[in-house]
Amino acid sequence: MLGKINERVTLSGVVEVEASSAEDFDGVATSDITLATVGLGLDAEITEWVNAHLLLLYEEDDTEPMDLDKGTITLGNLEKFPIYLTAGKMYVPFGSFESNMISDPLTLELGETRESAAQVGFEASGFYGFFYAFNSDINETGDDDKIASFGANAGYGYLNDKMSLDLGIGWINNIAAADNLSGYFDDAGITEVQDYPAGLTAHLTLGYGPFMLIGEYLGALNAFDASELDFNGRGAEPSAWNFEAAYTRAIKGKETTFAVGYQKTDEALALELPEERILGCIGVEIWENTSLALEYLHDEDYSVNEGGTGNDANAATVQMAVEF
């Protein structure tokens with residue numbers, strides 16, 4: 001029996017420990033050592049057409065105790081048929097969020113969306129696409145407790161020995177369902193908005209030899225009402241950009257990646273996101289599946305005229321990570 005289970009079940013995981021020193025926009029200095037992430041994943045092949053996926057996640061100060069981050073069932077077999085169905089708790093495919101940094105990109109901070117959803121996808125000849133729907137905690141007036149939030153995306157991916165490409169675009173009818181935005185509304189006691197603000201995202205990831213370029217945009221297509229999400233006395237229409245360039249080479253037999261990035265937000269002050277971020281990271285695979293990385297970032301707040309402090313903030317982080 002155990003032999004049969006081992007044939008069908010794959011376990012994977014990640015452990016990340018971070019040491020950081022930072023100074024915020026108010027000039028308050030902090031430092032800490034944290035067990036930043038523990039992730040334990042299980043993939044089970046029930047039949048050649050049915051798969052299950054579970055991910056348990058622990059993040060110090062965020063998910064204590066460990067939380068069920070994802071749990072999905074997938075019906076389909078891409079080797080035999082290009083369309084499949086996935087249902088369960090998942091991160092809906094709104095945004096790419098590719099990055100070589102330790103810190104999450106500001107596009108993820110704005111748009112990452114975890115929901116219990118149903119998703120239909122296809123993959124064929126490098127082209128891919130998804131359509132998904134879910135019941136959001138943030139509803140439009142009159143749409144309480146209904147499956148009224150949905151989205152779609154499409155893209156093209158290509159990979160060979162020298163080059164990789166991923167180009168895609170996505171749309172969601174209710175960007176208020178994003179984790180950061182729904183958390184803001186929950187803290188404010190808001191459960192519905194006058195109109196669903198739609199969201200748009202587009203990304204390009206290009207790799208050629210040792211070089212990689214990443215570009216991504218994510219933002220609202222409509223402004224919120226000022227009573228829901230305010231920016232400088234009017235309804236906010238938040239958005240974020242991420243640009244990265246990376247170079248990877250072997251140094252004394254150790255794969256080493258150098259990355260620099262520039263990120264920007266617009267009208268996202270209420271979500272406690274910086275207006276601009278410049279950052280750099282060096283990561284080294286010190287042993288197999290074991291890496292050490294150093295990141296430095298510099299944030300600039302929104303101006304005083306826009307309701308911010310106009311100040312800068314800085315942070316340095318060292319991360320050791322093991323994957324298995």
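Read-outs throughout are calculated quantities, based only on the coordinates presented, and are distinct from any laboratory measurement. The structure displayed is predicted, hence computed values, not measured ones. Here the Cβ is made from the backbone with ideal geometry for all residues, glycine too, and neighbour counts use every protein chain on show.
For the reader, a short list of remarks on this structure follows.
- In segment 228-250, residue surrounded by the most Cβ atoms within 10 Å (Cβ to Cβ) [restricted to those that are in a strand (DSSP E or B) and of a type in the set (A, V, I, L, M, F, W, C)]: 240
- Complete set of residues in segment 32-42 that are surrounded by fewer than 16 Cβ atoms within 10 Å (Cβ to Cβ) and of a type outside the set (Val, Ile, Thr): 32, 35, 42
- Any chance residue 297 is in contact (Cβ under 8 Å) with a residue 60 or more places away in the chain, in a strand (DSSP E or B) and buried (at least 19 other Cβ atoms within 10 Å of the Cβ): yes
- Subset of segment 10-31 that is out of contact with any Asp or Glu (no Cβ under 7 Å at 6 or more places or on another chain) and surrounded by fewer than 13 Cβ atoms within 10 Å (Cβ to Cβ) - its residue that is nearest to residue 290 (Cα to Cα): 12
- Subset tally (residues that are part of a strand (DSSP E or B) and over 25 Å from the mean Cα position of the chain (by Cα)) for segment 120-150: 0
- Taking segment 4-30 as the range and being part of a strand (DSSP E or B), in contact (Cβ under 8 Å) with a residue 12 or more places away in the chain and farther than 25 Å from residue 53 by Cβ as the test, the residues that pass are 17, 18, 19, 20, 21, 22, 23.
- For segment 130-152, the criterion of a residue being among the polar types (S, T, N, Q), under 18 Å from residue 176 (Cβ atoms) and surrounded by fewer than 16 Cβ atoms within 10 Å (Cβ to Cβ) is satisfied by at least one position.
- All told, residue 94 meets the bar of being surrounded by 18 or more Cβ atoms within 10 Å (Cβ to Cβ) and in a loop (DSSP other than H, G, I, E, B).
- Among residues of segment 208-227 that are touching a residue at least 24 places away in the same chain (Cβ under 8 Å) and assigned to a strand (DSSP E or B), those with a Cβ under 8 angstrom from a residue that is aliphatic (A, V, I, L, M) and exposed (fewer than 13 other Cβ atoms within 10 Å of the Cβ), sequence gap 6+ or separate chain, pair up as 208/163.
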